[in-house]
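The values are calculated or read from the model by the stated rules, or taken from the named source; none is laboratory data. Keep in mind that this is a model prediction, so the values were computed, not measured. Here the Cβ positions follow ideal geometry from the backbone for every residue, glycine too, while neighbour counts run over all protein chains shown. These area figures cover heavy atoms from the full protein model, side chains too; ligands, DNA and RNA do not enter into them. Shrake-Rupley method; radii C 1.70, N 1.55, O 1.52, S 1.80 Å.
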Amino acid sequence: MTVTTAPARPAILQKPVSFAPWISTAILLALWELAGRQLSGTFVLASPSEVLRYLAEEWRMMARALAVTLGNAALGFVFGNLAAIALATLASVWPRTERVVAGLALLVFCLPLVATGPILRVLFGPGDGPQIVLAALAVYYTTLIPLLVGLRAAPATWFDLVRSYGRGRVSALVHVRAMAALPYLFTGLQIAAPAAFLGAMVGEFTGAERGMGVLTVRAIRALDVEMTWALATVATGVAILAYAVIGALARRVLKAPPPVILAAPAPAGARSSALQTGAIVTVLALLAWWGAIRVFDLNPFFAKGPGDVFAALILADDAAETRATLAGALGETLVFLLPGYIAGLLAGAGLAMLLVLMPILAGTAMPLAIALRSVPIVTTAPLVVLLLGRGATGTIVLVAVMVFFPTFVACLHGLRQAPGQIMDVLDSYAAGPVTRLIRVRIPAMLPAFFAAARMAVPASVLAVTVVEWLATGAGVGSLMALSASLSDYDMLWSAVVLVSALSALGYAAVGAVERRILTLYAPEQVA
Amino acid sequence: MQKTMNRRALIGGGAAAAGTLALGLAPRRLFAQTPVTLQLSWLHSAQFAGSYIAQDRGWWIEEGLEVALSQGGPNAPVEPPVVSGTALVGISAADYTAAAVEEGAPFKILGVAMQKNPFVIASLPDNPVNEPTDLVGKRIGMALANTPVLQALCALNDVDIDGIEIVPTQYSAQPLIAGEVDCLLCWETDLPVAMAMQGIDSVTMLMADFGYAVHSQTYIATEDSLANRRADLVALMRGEVRGWDAYREDTDAAAELTLQMYPDAGLDLETQKLQAARQVPLMFSELTDANGFGWWTEETVAANIETLGLLGRDVTPDLWDRSILEEVHGT
Amino acid sequence: MAPDPAMPAQIVCTGLGKTFGGGTEAVQALDLTLAAGQTTALVGPSGCGKSTLLRMIAGLEEPSFGTVTIGGAPPSETLRHAGLSVAFQDPSLLPWRSVRGNIELALRLARRPVDVAAVEALIALVGLDGFGDTKPAELSGGMRQRAAIARALATKPGLLLLDEPFGAVDELTRQQLAQDLPRIWEAQRTTTVLVTHSVSEAVLLSDRVIVLSPRPAQIVADIDIPLPRPRSPDMVRSDAGAGHIDAVFAALSESRAGSPPPMAAQ
């Protein structure tokens, strides 16, 4: 496997002080202010000046809410990342477990927030437990995956060196892997920081006393447009700040920018071993599920085990009806999910290519996109729906936006990975920028594109279910929320199982497409 | 850690409760307060101000209870904590309670805070919906999940639901103001209040006035609690009754107390005052004037059973258990 | 029974063979005995399996057939006591450690005490005076290889395995190293195995040159180099030296021409 290391190229990462992002931010703010004034009285958009006025009046309350949410997000960030480091260490010291660890981790990451929230609330009772756990769940996977890559991101001879002095895997981990993985760890942490904040906010929807999430719910219900936009602004600011702070920390520690890569190409293995891993992961997941209900002695009214779900979907008298309801809801969701997912991927890759042809714009767009990909979806979902309506457009756009930013960042990075020597050869043939794009840059971009495409599967499922739940009231997201409020826990757990399994399968399917296409266009990436 | 702490608190509470039970009617005040949780159905607001008054004035402490008011939220169902015993009592509604019972939850309704269901059809004055027949030909904004509610209203009033255009919307007054819909299915105490605070007049048609009889903000507890923790239940409900009676006397003060107790909830005083005032007619009636807060009769239960039937919920009168309330009101 | 890790040891390969997963035969039925304290060069065409042979001796690669013993025990024994050092083709310096840090890491991995003065002497020996605190990224390719050689010497191993360690070193430094290194080996009585492309280098450094056939590697010629030590490039250019070089070249071109000839001793 080829490991994408940080090249010296992305100058914007090395020189964080550049005027371009400030200019684009200023333009954006001006447009926002204009739109806000145009739309005043429609209860859709608050202008920056109105947001500022609101913040000036209510900053004390906002600061207290922010402190609570940040505190929980920070704890979740720590626990989630420690879990990721522990899992990655296990996989590194005991390589045979890697595929199973990664598979189980993916499955847990695919659990829909809408459903895990209430379950965690019951487990923890009142307090900060669910907020912290959801924050941890939101971060551990995005740290684990780069870390697994990073722990392997060293030439084989470094490990030979350790072995040649008679030392084993633990020494390799301590002396080689740990340091080699550091840039990747920082990449993970950078993405994790905004994600932890989002997780903590969603956790607050489960009945927390205070925090930014609680205020968001309140603001939307009360038609308080200033408050809604003020919350979104603060949450966005915090997310961007967290991203920037970790980036700065990384630059200080590493003296080089962290790699922007999101995930390694799926390890190419024989189909049988992939199936075997899938089977082991499924069995372990079922055991853990069954075991957790017993260990925590959860009440069977709401804690449904694998047997209950099997009964509800296959054996029960109304099993056909349950299946039909689920299939209907999943169908509704897919109608929004697939176009949004594909549109987001195409837009991300397309814009990245366009910007490579027009490098002046790239310096402006890249930092903005990096920043915007950390905006928490729970605050944007209601805003996008306010602006674009509850029809298909709003949902599709939101899913596309969730997919767009990470894809764009990854693709732009990938396009810049094109090996300089090959570019020089093309230069010597006076090849134009388009030829260079097609012949060299796009093949070089493919691994990053697919890494983004895979990570976008759970992200888009999260986006679509959150929008359905908070805004449109359609599809499987709404079905899960409704099942919880109507105590139809058989349905809820069945939906959780299906959504998680389908997300994980979607992830695997993208991995399969990736292997096929990389074999054709960039075989060195698969080897 | 959180978990074990809760476990410990629970065990402690159980032990204390067992202690009082063992001593029968020994004076409770000599013992440590029994911690119990009341699970609210939504975020803190004047909607639960009666409970805040009881808390603030120490009426539960007098009863030997240390009550924690656990707020709900968009992703916080009430039923699981009550089933699991984390909460002694939850604030639910007859339709949700009926659904939970169908799924095997051993619930009883102990009291009814909202005699009249708060569902309304809200519209703007120049295109009003004053009675169910006005709905024909209109676009109504609502969550699709609430379709059975509209179906029930139509069935009760012989209105053809096919004549109404249902537009799925998020729970917000914005589509009505923007003219995307002609009316909204919402609560009397939230979206119309939000509109009023923005200076927008609205017309509300209370569905309860047109036969939609579903008890709301109902107190639920498990059969097990009813059998084994009666004293705690009576104490809790006694505080509630006192709190809500005090609330009725001065809703403005209740709204102020809400903000004072929950300064971080992002509440607006004027909004809370208006909400507090508007929910009074839903909670108090001739029936409660005659028998006390939370009361119901065989007739109101029968009406509920009929409406619930239209909502697809098959329930029997024994879902309601008035024994706690009778003890509280001394009848 | 544990062999002294610092003691030179005889290496015996018996029927040694390596077949990789894809069916590629890298080394075939190879019998070879390397005397303790001697320096042996392995030369052969590119990709003939020299490095594989070296890695099997180092215990980094499991043989598919046959055995390797170092002082009568399998290589894993030597590894366990950190009794050998390998200088890889790629210098494999850890980029986050300075030159000194990389050398000290080898001592720490080998569980040897870090003798600061000895480390400084090694740095000076390979001509990196004043670069002890420099990170590998700031060194030239040749300087990195020299740092790697210093690291390999740091543990004073009984067996030193060098895989084309002078590939990127400039000609002058290479000559200097070629004069200095054998002195260290002699002082430490190290058994040294050197893989190289350069015939003159092989002759300059070794007591014996093994010429290998194209893949799968088999022994084509086994040539003793009885030149006196210390040697100098001039000696290699002398008649005696030139004769050895010619012999190695002849064996190499023969091996390339066709089927491996019978073992030809010079």
Determine whether region A:52-69 contains at least one residue that is buried (at least 17 other Cβ atoms within 10 Å of the Cβ) and more than 14 Å from chain B (Cβ to nearest Cβ). no
So A:Leu111 ticks every box in (1) more than 7 Å from every other protein chain (Cβ to nearest Cβ); (2) part of a helix (DSSP H, G or I) but one. Which box is left unticked? (2)
Qualifying residue in region A:247-259 (condition: surrounded by fewer than 20 Cβ atoms within 10 Å (Cβ to Cβ), at pLDDT below 85 and assigned to a loop (DSSP other than H, G, I, E, B)): yes
Taking the conditions exactly as written (assigned to a loop (DSSP other than H, G, I, E, B), touching a Pro at 6+ places or on another chain (Cβ under 6 Å) and among the small types (Gly, Ala, Ser)), does C:Gly21 satisfy them or not? no
Within region B:59-92, count every residue that is open to solvent by 20 Å² or more (accessible area, probe 1.4 Å) and away from chain A (no Cβ under 13 Å). 5
Residues of region C:22-47 being touching a strand residue (DSSP E or B) at 6+ places or on another chain (Cβ under 7 Å), in contact (Cβ under 8 Å) with a residue 40 or more places away in the chain and closer than 26 Å to C:Leu181 by Cα, in sequence order, are C:Leu32, C:Leu34, C:Ala36, C:Gly37, C:Gln38, C:Thr39, C:Thr40, C:Ala41, C:Leu42, C:Val43, C:Gly44
When both residues are 6+ apart or on different chains and their Cβ atoms are under 7 Å apart, which pairs have a first residue that lies in region B:159-174 and is open to solvent by 10 Å² or more (accessible area, probe 1.4 Å), and a second that is in a loop (DSSP other than H, G, I, E, B) and of a type in the set (Asp, Glu)? B:Val167/B:Glu180
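Going through B:Asp162, B:Asp134, B:Asp95 one at a time, which residue ends up being within 14 Å of chain A (Cβ to nearest Cβ), part of a helix (DSSP H, G or I) and of a type in the set (D, E, K, R)? Give the derivation first.
Details: B:Asp162 fails: within 14 Å of chain A (Cβ to nearest Cβ); B:Asp134 fails: within 14 Å of chain A (Cβ to nearest Cβ).
Among B:Asp162, B:Asp134, B:Asp95, only B:Asp95 is within 14 Å of chain A (Cβ to nearest Cβ), part of a helix (DSSP H, G or I) and of a type in the set (D, E, K, R).
Would you call C:Ala168 touching a Lys or Arg at 6+ places or on another chain (Cβ under 9 Å) and touching a residue at least 12 places away in the same chain (Cβ under 8 Å)? Working first, answer last.
Details: touching a Lys or Arg at 6+ places or on another chain (Cβ under 9 Å): yes; touching a residue at least 12 places away in the same chain (Cβ under 8 Å): yes.
Spelling it out, C:Ala168 is indeed touching a Lys or Arg at 6+ places or on another chain (Cβ under 9 Å) and touching a residue at least 12 places away in the same chain (Cβ under 8 Å).
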Criterion violated by C:Ala148 - all others in (1) farther than 18 Å from C:Ala9 by Cβ; (2) part of a loop (DSSP other than H, G, I, E, B) satisfied: (2)
Taking region A:484-494 and keeping residues part of a helix (DSSP H, G or I), small (Gly, Ala, Ser) and more than 26 Å from the chain's Cα centre (by Cα) leaves A:Ser485
Does region A:136-158 contain any residue that is open to solvent by 10 Å² or more (accessible area, probe 1.4 Å), aliphatic (A, V, I, L, M), assigned to a helix (DSSP H, G or I) and within 11 Å of another protein chain (Cβ to nearest Cβ)? yes
Yes/no for B:Gly211 being within 14 Å of chain A (Cβ to nearest Cβ) and either more than 15 Å from B:Leu135 (Cα to Cα) or of a type in the set (Phe, Trp, Tyr) (or both): no
Out of all the residues in region A:514-524, is one or more β-branched (Val, Ile, Thr) and either modelled with pLDDT of 85 or more or not in a helix (DSSP H, G or I) (or both)? no
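Can you go through A:Gly199, A:Gly207 and tell me which one is away from chain B (no Cβ under 11 Å), among the small types (Gly, Ala, Ser), closer than 15 Å to A:Ile132 by Cβ and out of contact with any Asp or Glu (no Cβ under 7 Å at 6 or more places or on another chain)?
Numbers: A:Gly207 fails: away from chain B (no Cβ under 11 Å).
None of the other options fit; the residue is A:Gly199.
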Between a first residue in region C:125-144 that is more than 16 Å from C:Trp96 (Cα to Cα) and a second residue that is open to solvent by 40 Å² or more (accessible area, probe 1.4 Å), which pairs have beta carbons less than 6 Å apart while being 6 or more apart in sequence or on different chains? C:Gly141/C:Ala168; C:Gly142/C:Ala168; C:Gly142/C:Asp170
Which numbered condition in (1) more than 8 Å from every other protein chain (Cβ to nearest Cβ); (2) of a type in the set (S, T, N, Q); (3) surrounded by fewer than 17 Cβ atoms within 10 Å (Cβ to Cβ) is the only one that B:Ser216 fails? (3)
